[in-house]
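First the structure, in the form of structure tokens, and then the observations on it.
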Amino acid sequence: MSTQKRKQSSNIHPALSPIVHPWIRTFIESVEFSELINEFGSPLNIHCLEPFLENQQEFEAVFKAQNVKHQIYFARKANKCKTLVEAAKKQKMGVDTASLQELKDCLDVGIDPATVVLTAAIKTEPMLTLAAKNGVTIILDNWDECMLLHQIAENLDLKPIVGFRIGGFSFRKETLSTRFGFGLEDAFGIMTRHLGAGNKFHRFHFTTLHFHLNGYSIPQRAAALIQTIRLSDRLKSNNISCQKIDIGGGILVNYLTDQEEWDLFYKELRSAILMKRDPVTFENDPLGMVKIENEIYGSMQVYPYFNTVHKGQFLKAILDSTFDANDTLAQALKKRNITLAIEPGRSLLDQVGITIARVVFRKKNQQQDWFIGLEMNRTQMKSSSADFLLDPIFIPTQAGRADAPCDAYLVGSYCLEQELILKRKIRLKTLPLPGDIFCFINTAGYMMHFYESQAHLFDLAKNIFVHRRHDGWHINADAY
Ligand SMILES: *Cc1c(COP(=O)(O)O)cnc(C)c1O
């Protein structure tokens, strides 16, 4: 009886079905992917701007419903394509830049510099000079940066627009520690002592308090925003006016259709790590959990791919949080006439991109596991998450093949034992053939670009943009 049970449970394959935007479904149905790969190479990143606009509209609807003055800055670092900057301009959205080239791209494209913010972690003299000359808001992170920017402003007779990045908020009796920005008291001290006529940083035109929190907690963001509003009140009593509070990014995205699948995957992974069933990940990778003497410690070090509160609802939950006995955060901001800025990267790119790759080989290893070799490497679909927990869509190139389900690992082109495209074992309706295609869903935010490297001198993947017109799909291959 008990062996039978164990045997049964070892047959459960925990699927993780991705949410698939309608553009992706119709595109898969109407376009021959192997032709695209013949033309552009494998892997290929395919983007569509429809969801980019929808996501922006979702955020705007939340702000408008509460009548909160707002500014959306698209966090460019989540995807390298300049076409997205052009789209941001067309959609009248600002951009958050994190390097000299990102900043140059915005100015090239002609985005109003008043809607560009520079939050780069390391700000060099050319970067600060370009931003200051163009009236881009510069988010100051540390004292040396203040000194350098002020010196540039003196030399060039400029009045740069600045914000201060703050951190070290209190949350449930603890401090949210960070390597970024100034502590709240330090920021208060520097601003009250050194801003304004006759003072050390007299050239700075201060407008903004900024923070960006690690992780995806709504209560932490609400707590940080409350403390930032209180800081702005104290500054006001010192005749320093804060026009804008920028709460950064980290707005959650939901990638998966089904909470039950998500819960089951976690359960089956734990049971595999405890050797109670066959592995669901390569070499029983615990995805960041630790097993010590048959106990599992810690949690999966992965993005929370399934979420019930995400995108617009996530923003709304922050705005609806309590400020004090009378006001929500939305009301507190309105009373003070403060603009609320956000810097979404991942969430604006939700459903914007897919990555397709071609099958090159199938083989079995000593444990009789199938390995499917893809013409791509693992940096071409990688984030800081321990695995990308979405099932890819398998697209056989010849129709009508008999179903013969099999489990397999996808491996890539770097010469490493651990070169897996996905650590998860995936279930396929039939064994792939060379030339078949795998399509990975929702890769535009970070996955396709953030860690892509050129080891072995492989080319970087090509990026194309597609859009539908009444006469079918149009491909813009000049996008980059
Ligand atoms: C990375 C980053 C963002 C974007 O974060 P997402 O999670 O992609 O929304 C915004 N602002 C700053 C300062 C960042 O470092």
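The values are calculated or read from the model by the stated rules, or taken from the named source; none is laboratory data. Keep in mind that this is a model prediction, so the values were computed, not measured. Neighbour counts are summed over all protein chains in view; Cβ atoms, including those assigned to glycine, are modelled from backbone coordinates with ideal geometry. The accessibility values were calculated without ligands, DNA or RNA, using every heavy atom of the protein model including side chains. Shrake-Rupley method; radii C 1.70, N 1.55, O 1.52, S 1.80 Å.
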Notebook entry, point to check: Which angle from 0 to 90°, rounded to the nearest 10, does the C-alpha axis of helix 100-109 make with the longest principal axis of the chain?
Noted result: 80
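Only Lys, Arg, Asp and Glu count, each charged at its Cβ (+1, +1, -1, -1), so figure out the dipole size of the range 267-411 about its Cα centre, rounded to 20 debye. Display every interim value, and only then the final one.
Working: 18 positive and 17 negative charges, 64 e Å.
My answer is approximately 300 debye.
Once you've got the Cα coordinates, tell me which of Lys64/Lys89; Lys77/Lys462; Lys123/Lys334; Lys423/Lys462; Lys364/Lys462 are over 22 Å apart.
On the way: Lys64/Lys89 20 Å; Lys77/Lys462 17 Å; Lys123/Lys334 33 Å; Lys423/Lys462 24 Å; Lys364/Lys462 30 Å.
Correct reply: Lys123/Lys334; Lys423/Lys462; Lys364/Lys462.
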Margin query: Just to verify a number: FRET efficiency for Gln57 and Glu293, C-beta to C-beta distance, R0 = 51 Å, to 0.05?
Written below: 0.45
Item checked: Nearest-0.05 FRET efficiency for Ala197 and Tyr414, computed from C-beta distance (R0 56 Å) -> 0.45
Next item on the list: At 0.36 nm per residue, minus the direct Cα-Cα distance, what do Asp478 and Leu264 gain on full extension? Give it in nm, one decimal, please.
Entry: 72.8 nm
Checklist line | Spin-label model distance (nm) - Arg469 vs Cys406, 7 Å beyond Cα toward Cβ | finding: 4.3
Next item on the list: Heavy atoms only, probe 1.4 Å: what % of the accessible area of the chain goes to carbon and sulfur, would you let me know?
Entry: 49
Notebook entry, point to check: Can you tell me the accessible area per residue over the chain, all protein chains present, probe 1.4 angstrom, in square angstrom?
Noted result: 46
Notebook entry, point to check: For Asp436, which sequence-distant residues (separation of 5 or more, or a different chain) have an amide H within less than 5 Å of its own amide H, given hydrogens modelled in the peptide plane?
Noted result: Val359, Thr397
Next item on the list: Report the full-extension gain for the segment Lys69 to Ser217: residue separation times 0.36 nm, less the Cα-Cα distance, to one decimal in nm.
Entry: 51.0 nm
Next item on the list: Working from Cα positions, state the angle (0 to 90°, nearest 10) between the long axis of helix 2-11 and the longest principal axis of the chain.
Entry: 70
Notebook entry, point to check: Tilt of helix 50-66 relative to the longest C-alpha principal axis of the chain, in degrees (0 to 90, nearest 10)?
Noted result: 40
Check: So how far apart, in nm, are the two label points at Lys276 and Ser237 if each is 7 Å from Cα heading toward Cβ?
Finding: 5.7
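Assuming 0.36 nm per residue, please report the length gained on full extension of the stretch Glu154 to Thr175 beyond their Cα-Cα distance. Could you put the intermediate results ahead of the total?
On the way: separation 21, 0.36 × 21 = 7.56 nm, distance 3.67 nm.
Value of the extension gain: 3.9 nm.
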Check: So how far apart, in nm, are the two label points at Asp186 and Arg427 if each is 7 Å from Cα heading toward Cβ?
Finding: 5.2
Check: Which one of Thr129, Tyr480, Ile247 is farthest out on the positive end of the charge dipole of the chain, using unit charges on Cβ (Lys, Arg +1; Asp, Glu -1) and the Cα centre as origin?
Finding: Ile247
